[in-house]
């Protein structure tokens, strides 16, 4: 079998504002209104925010008091994790109709390896569309998806056309995509690390690629480097599902090293 046939097709499905969307689905009075799951107007922390609330700058992990000041009309609801788990199980059942190679990251997102899927469809892009269609019509919620050759790129892609959209990064575009990607959008690069990288002149993936292993190790430690054999693992199509490591700065460096 040729290596070209072994390039994996990975879909990252990410539910749109999952907890808040479940609350809006179950209570029609909440639809179209700014909703925060968790906390209260006086105390606590926001666990999730609807897109209507996000327009006011309300975000998850934000103190509830701050969220209330930013959005005076914000409606706080108590989380119902049993209900979220129930809905998540329904969504996962849809995934399993297409592949048994499902890797959940949380209740609201998962990776699917559809390289050799149950319905024999060759297009991961069309499979992602069908899966999102079924989630909407069978569950009642919208989902976004990213499609590419590995988990790292698929996860980034799923955020590009949110909410209720999808983005495919085909094999021939992955390196160019990563080279042009702003460093703060790399999975695993937090705000503090991104600022430190910018201080060192690393603004895009191309800048990251240009730095040597020694330089990255010196300034960013193990998190900024990668094992010597990782570029080879990333450059060769995997015979094992989900062989690539969890999305991280290490894996992105490996992918960017392919043109070096």
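Checked against the criterion of being on the phi > 0 side of the Ramachandran plot, within 15 Å of the chain's Cα centre (by Cα) and not assigned by TED's automatic domain parsing to the domain that holds residue 210, segment 144-156 has no qualifying residue.
The single condition among (1) in contact with a strand residue (DSSP E or B) (Cβ under 6 Å, 6 or more places away or on another chain); (2) crowded, with 20+ Cβ neighbours inside 10 Å that residue 127 does not satisfy is (1). Filtering segment 15-27 to residues that are at negative phi and either surrounded by fewer than 22 Cβ atoms within 10 Å (Cβ to Cβ) or in contact with a helix residue (DSSP H, G or I) (Cβ under 8 Å, 6 or more places away or on another chain) (or both) leaves 15, 16, 18, 19, 20, 22, 23, 24, 25, 26, 27. If you check 66, 37, 45 for being out of contact with any helix residue (DSSP H, G or I) (no Cβ under 7 Å at 6 or more places or on another chain) and either closer than 30 Å to residue 116 by Cα or not assigned by TED's automatic domain parsing to the domain that holds residue 156 (or both), only one passes: 66.
Among the residues making up segment 123-158, those that are assigned to a loop (DSSP other than H, G, I, E, B) and modelled with pLDDT of 95 or more are 123, 140, 141, 142, 158.
Selection within segment 147-172: residues that are touching a residue at least 60 places away in the same chain (Cβ under 8 Å) and over 11 Å from residue 14 (Cα atoms). The member of this set that is surrounded by the most Cβ atoms within 10 Å (Cβ to Cβ) is 153. Among the numbered conditions (1) touching a helix residue (DSSP H, G or I) at 6+ places or on another chain (Cβ under 8 Å); (2) surrounded by 14 or more Cβ atoms within 10 Å (Cβ to Cβ); (3) within 23 Å of residue 124 (Cβ to Cβ), the only one that residue 196 does not meet is (3).
The values are calculated or read from the model by the stated rules, or taken from the named source; none is laboratory data. Quick caveat: nothing in here was measured; it's all calculated off a predicted structure. Ideal geometry is used to build each Cβ from the backbone, glycine not excepted, and the neighbour counts take in all protein chains shown.
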